[in-house]
Every structure is written in C-alpha cells, then in structure tokens.
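In what follows, a structure is listed as structure tokens, so that the remarks can point back to it.
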Amino acid sequence: MATEIESKATFEAPPNIALVKYWGVRDPERAIPYNSSISVTLERLRSRTTVRFDPDLTEDEVLLNGEVATDGPRDGVVRFLDRVRARAGRSTRAEVRSTNNFPTASGLASSASGFAALAGAASAAAGLRLSPRALSQLARFGSGSASRSIFGGFVEWRAGARADGRDCYARPLFGPEHWPELVDLVLLVERAPVKQVRSADAMQQTVRTSPEFAGRQAELPDRIRRVHRALRERDPDRLFPLIMEECDSFRKVCETTRPSLDYLTATSRTILTEVDRLNRTAGRPLAGYTHDAGAHVHVFTLTEHLPRVRARLARLPGVVRSLTVRPGPGARRIA
Ligand code: DP6
C-alpha cells in the first residue's frame, strides 16, 4: 500500500471532433469499441482538472464548473477514481475540481476533454507514471472519445483485435502542424437541446436496434483507410466528401435506432444543406460538414475559402455563434 499522503496534479485537455465516429461498444467491461475512429484535436477549447488525494476526506468531492456534482456526473468521476485507486493500490478519497472554457453538454465534447484531463490528473496524483498510450487506454473508461484527446493533431483510436484490449489505444497520426490550412468553423446553433440520453446508452441502443448498424460496420475499415490517406496527402477534394459521407452514415444509424435518436435542430439541417449547395455551386468541395451527438455543426474548410464559407453559414437564422478552430495540442500536465 502506498503511503497515504496528500498528493495533487492538474491537467488540461482539449475536446476533439471525430471525422470517423465511434458509435457502439463491443466489450463494455474493457470499453472496446466496434470500430476504430479518427478525430481532430481542437485548439483553444479545454477542460482543466485538478485532482487532490486527501487522507482526511471520507468521500470523493467533485466540483464541475464550480458546482458540486451529484448523480450521474459525480458517479462517473467516482467510478473513474476507483479504477485509478485500484491500479495504484491506494484507497484515499480525492477532491476533483474541473472547469471547461466552453459550454458543458453542448455537443462540444466536454466528456472527451473532461475525462482526458481527469485521466492525466488522477493518475499523476496517484503516483502512476503512465505513457501517453497507457493514458489513452485509461481515459476511454471514462468516455470513449477521451482516449483521442490525449494526443494533439489528427488522432486514430484503434479498436484492435485482441480480446484483452491491449491493442485498443489511441495514437497520433499527424501532429497539429501537419495541415495548417485546415480549419474547423464551429457553428453553435440556438437552443441546442441538452442531451437526453447519454452517448454510452444511446450507442448501445443503436447496436441493438438499428437495421443499418451492420452495414455501417462493413463500410468502416475502408472509410478509415480513405480518411487516413486524405489526411496524409492533405487532400481536401477527398477529405470533405468523405467526412460528409461518414457523418451521414452516423446520422442514419441514429435515426433508425428505436427509439429514434435525433440530435439536430432545423438550423443544423439547414447548415448541412447549405454546405452541399455551396460545394455544388463551386463545382468542387470547398467544405465538409460533420456533427457529433449534438446539434452544433463543424464545417471543415481551408483558410482560403473561410471568408466565403463563413459568409454563407455564420449568419443563417438560428446560428448564435461561430468559432474558427484549428488542430491543436493534446493533454498536458500544468501543475
Ligand atoms: C458521436 O465518447 O461521448 O461523439 O463513451 O459514452 O462517453 P461515452 O461516449 P462518447 O461518444 C462519442 C460519440 C461521438 C463520436 C466520436 O466522438 O467518435
């Protein structure tokens, strides 16, 4: 048993947006997904999390954005701390303080940045010295997409083939500097509905009930290869249509889930249509849309097209704010 002294660490971690989506857990015990996924880590946005193990505490105290967390959000953090404690051979309770510099549960993937930061801070404070890969393997037990937020730039979370999950981890494909012209225009839409069903539950409903799930799985290995290649070659003509194809496939399995999962608002749908129209008018793909389990839309484009794309989309009725975000660095310890 490690000596029960106070110990503390702070990590910052960014959210990420998936270009190829994780949606479906093959092995819930080991948090192994059905398919590999690819994402872009986003600059400027971040969760900052401090974990302090304190022998005087009788239970874990969790503060999220300055408020005491209860129920589901607290339980998720406590379960995660239990996993870290078991691994470190400690039993000390902890105080966790986490803040986001963007709205929580807004579809901006606060669970990815939050659990990536928690994985880093909790493991460091508990005295575990984990490699980035091992950290990605730990983070996925909090939230699958958190495994990818450990790394900056363009990241693949490999589902792996082993039953024990040892080859299931995230790895950087290309650093944030790989494609400096690529930008993500994030369009925040009005009254984005707060998520009713947790992604973890929603995706398992899809696995159980969507008649489209098996077909999607069959397409994914090839799509992963094509997205990887388009990124390697910095090829917008391939990348933009591909991410829209993938986003449409993700939306189709959601919509055909029983009960149906509909994350978009009328404004989100208008944005998708406008991106299609813009590309058709230009005669080539100037932009590509994607969205997660939320109503905000991410539109990828190149710096040279950004003024045109923004002029077309940012002032649509129902769009309340737009942010221009580039690929950024991964999680890091700051104290
Ligand atoms: C649509 O990683 O948030 O954003 O593991 O339940 O926390 P949990 O799910 P989460 O789901 C992400 C779903 C997605 C696609 C993706 O990010 O790959």
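The values are calculated or read from the model by the stated rules, or taken from the named source; none is laboratory data. These numbers were taken from a predicted model, which means no experiment stands behind them. Glycine gets a Cβ as well: all are built from the backbone with ideal geometry, and neighbour counts include every protein chain shown.
For the range 194-211, residues that are surrounded by 13 or more Cβ atoms within 10 Å (Cβ to Cβ) and more than 15 Å from the ligand (Cβ to nearest atom) total 1.
Taking the criterion of being acidic (Asp, Glu), more than 14 Å from the ligand (Cβ to nearest atom) and not assigned by TED's automatic domain parsing to the domain that holds ARG321, would at least one residue in the range 136-156 satisfy it? Show your work before the answer.
Filtering the range 136-156 down to residues acidic (Asp, Glu) leaves 156.
If we keep only those that are more than 14 Å from the ligand (Cβ to nearest atom) as well, we get none.
Looking through the range 136-156, none of the residues is acidic (Asp, Glu), more than 14 Å from the ligand (Cβ to nearest atom) and not assigned by TED's automatic domain parsing to the domain that holds ARG321.
Just wondering, is there one or more residues in the range 82-105 that are surrounded by 24 or more Cβ atoms within 10 Å (Cβ to Cβ) and aromatic (Phe, Trp, Tyr)? No, the conditions are met nowhere in the range 82-105.
Given the options ALA287, ALA295, ALA266, name the one that is within 13 Å of the ligand (Cβ to nearest atom) and either touching a residue at least 24 places away in the same chain (Cβ under 8 Å) or surrounded by fewer than 18 Cβ atoms within 10 Å (Cβ to Cβ) (or both).
Working: ALA287 fails: within 13 Å of the ligand (Cβ to nearest atom); ALA266 fails: within 13 Å of the ligand (Cβ to nearest atom).
The unique qualifying residue is ALA295.
Taking the range 174-192 as the range and being in contact with a helix residue (DSSP H, G or I) (Cβ under 9 Å, 6 or more places away or on another chain), part of a strand (DSSP E or B) and within 15 Å of the ligand (Cβ to nearest atom) as the test, no residue passes. Of the residues screened, THR301 is one that is outside the structural domain of ALA116 (by TED's automatic domain parsing), surrounded by 15 or more Cβ atoms within 10 Å (Cβ to Cβ) and closer than 23 Å to PHE102 by Cβ. SER149 fulfils the conditions (1) over 20 Å from ASP184 (Cβ atoms); (2) in contact (Cβ under 8 Å) with a residue 60 or more places away in the chain; (3) among the small types (Gly, Ala, Ser) except for a single criterion, (1).
In this entry, VAL62 is excluded by the filter for residues that are surrounded by 14 or more Cβ atoms within 10 Å (Cβ to Cβ) and part of a helix (DSSP H, G or I). Each residue in the range 1-39 was checked for being more than 17 Å from ALA139 (Cβ to Cβ) and within 13 Å of the ligand (Cβ to nearest atom), and 8 pass.
So which of LYS8, LYS21 ends up being within 30 Å of ARG225 (Cβ to Cβ) and of a type in the set (Lys, Arg)?
Working: LYS8 fails: within 30 Å of ARG225 (Cβ to Cβ).
Matching residue, one of LYS8, LYS21: LYS21.
Is it the case that GLY165 is more than 24 Å from PRO327 (Cβ to Cβ), within 16 Å of the ligand (Cβ to nearest atom) and either in the same structural domain as PRO259 (by TED's automatic domain parsing) or not charged (D, E, K, R) (or both)? Please lay out each step first, then the result.
Values: more than 24 Å from PRO327 (Cβ to Cβ): yes; within 16 Å of the ligand (Cβ to nearest atom): yes; either in the same structural domain as PRO259 (by TED's automatic domain parsing) or not charged (D, E, K, R) (or both): yes.
In short, yes.
The number of residues in the range 313-335 being more than 17 Å from the chain's Cα centre (by Cα) and among the small types (Gly, Ala, Ser) comes to 4.
Which of the residues belonging to the range 246-262 are touching a helix residue (DSSP H, G or I) at 6+ places or on another chain (Cβ under 7 Å) and either without any contact (Cβ under 8 Å) to a residue 24 or more places away in the chain or part of a loop (DSSP other than H, G, I, E, B) (or both)?
Taking the range 246-262 and keeping what is touching a helix residue (DSSP H, G or I) at 6+ places or on another chain (Cβ under 7 Å), we get 246, 249, 253-254, 257-258, 261-262.
THR257, ARG258, LEU261, ASP262 - these are the residues of the range 246-262 that are touching a helix residue (DSSP H, G or I) at 6+ places or on another chain (Cβ under 7 Å) and either without any contact (Cβ under 8 Å) to a residue 24 or more places away in the chain or part of a loop (DSSP other than H, G, I, E, B) (or both).
Any idea which residue in the range 222-243 is farthest from THR290 (Cα to Cα), counting only those that are within 16 Å of the ligand (Cβ to nearest atom) and buried (at least 21 other Cβ atoms within 10 Å of the Cβ)? Break it down into steps so the answer makes sense when it comes.
Taking the range 222-243 first, the residues within 16 Å of the ligand (Cβ to nearest atom) are 223-224, 227-228, 231, 242-243.
Retained after the next criterion (residues that are buried (at least 21 other Cβ atoms within 10 Å of the Cβ)): 227, 231, 242-243.
Numbers: VAL227: 13, LEU231: 16, LEU242: 10, ILE243: 7 Å.
Applying the filter and picking the extreme gives LEU231.
With respect to the conditions (1) modelled with pLDDT of 95 or more; (2) out of contact with any Phe, Trp or Tyr (no Cβ under 8 Å at 6 or more places or on another chain); (3) not in a helix (DSSP H, G or I), ARG280 lacks only one, and its number is (3). Here ALA163 meets the list (1) touching an Asp or Glu at 6+ places or on another chain (Cβ under 7 Å); (2) assigned to a loop (DSSP other than H, G, I, E, B) almost entirely, failing just condition (1). Search the range 164-189 for residues that are farther than 30 Å from ALA311 by Cα and touching a residue at least 12 places away in the same chain (Cβ under 8 Å) and pair each with any residue that is part of a strand (DSSP E or B) and among the acidic types (Asp, Glu) when their beta-carbon atoms are under 6 Å apart and the residues are at least 6 apart or on different chains. The qualifying pairs are ARG171/GLU156; LEU173/GLU156.
Test ARG52 against the criterion of being away from the ligand (no atom under 16 Å from the Cβ), in contact (Cβ under 8 Å) with a residue 24 or more places away in the chain and more than 30 Å from VAL183 (Cβ to Cβ), and give yes or no. I'd like the intermediate steps shown before the answer.
Details: away from the ligand (no atom under 16 Å from the Cβ): yes; in contact (Cβ under 8 Å) with a residue 24 or more places away in the chain: yes; more than 30 Å from VAL183 (Cβ to Cβ): yes.
Spelling it out, ARG52 is indeed away from the ligand (no atom under 16 Å from the Cβ), in contact (Cβ under 8 Å) with a residue 24 or more places away in the chain and more than 30 Å from VAL183 (Cβ to Cβ).
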